[in-house]
Amino acid sequence: MAQHNDTGREGEMYARTYLEKQNYKIRACNWRYGKGELDIIAEKDGMIIVVEVKSRSTLYFEHPKDSINTGKIKRIVATTHEYILSHALDMDVRFDVISVYPEGQTFRIEHIEDAFSAPVH
């Protein structure tokens, strides 16, 4: 398996552990609909939190959060809409980004709450 897949899986594991320690309830991981995938769907304070996890083995090229472009945001929002419909949820939604990257012998986690909003058409 490719190294970037291992890095991504490891980053998602660190992100889940981090969120659980912050009292988020994990509802689903790697939830798919069509071509879309939601890395982590969590719940906290009566709100659905959709977390896009970006992991890198190095920061040489770009910070992980900088790889989330408009197309990616649209896919995340559309997939979130399907998740909400399929689970008949009536809750506010927030979109967060967690960046995971190496720092010394461990990993650094940056949690950006309310990182982006659903685009208005």
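Each Lys and Arg contributes +1 and each Asp and Glu -1, all at the Cβ; summed about the Cα centre of the range 3-116, the dipole is approximately 240 debye. The H on the amide N of A28, modeled in the peptide plane, is under 5 Å from the matching H of I41, each at least 5 residues off or on a different chain. Our coupling estimate for the range 89-96, obtained by passing each phi through the Karplus curve with A = 6.51, B = -1.76, C = 1.60 and θ = phi - 60°, is 8, 10, 9, 5, 10, 10, 10, 10 Hz, Gly and Pro reported as x. All Cα-Cα distances of the range 3-116, cut into 5 Å bins from zero to the largest, leave 2, 12, 23, 25, 20, 11, 5, 2, 0 percent in each bin in turn. Estimated at 0.36 nm per residue, the fully extended path between S67 and I84 surpasses their Cα-Cα distance by 3.6 nm. Between the amide H of I49 and those of A42, E43, K44, R94, distances stay under 5 Å, these residues lying 5 or more places away or on another chain, with hydrogens modeled in the peptide plane.
Using the Karplus relation 6.51 cos²θ - 1.76 cosθ + 1.60 with θ = phi - 60°, the per-residue 3J(HN,Hα) values for the range 72-81 come to 5, 4, 4, 5, 5, 5, 5, 5, 4, 4 Hz, with x marking Gly and Pro.
Every number here is computed from the coordinates shown, using simple stated rules; none is lab data. Everything quoted here is computed from the prediction, not taken from an experiment. Note that we place each Cβ from the backbone using ideal geometry, even for glycine, and neighbour counts take in every protein chain shown.
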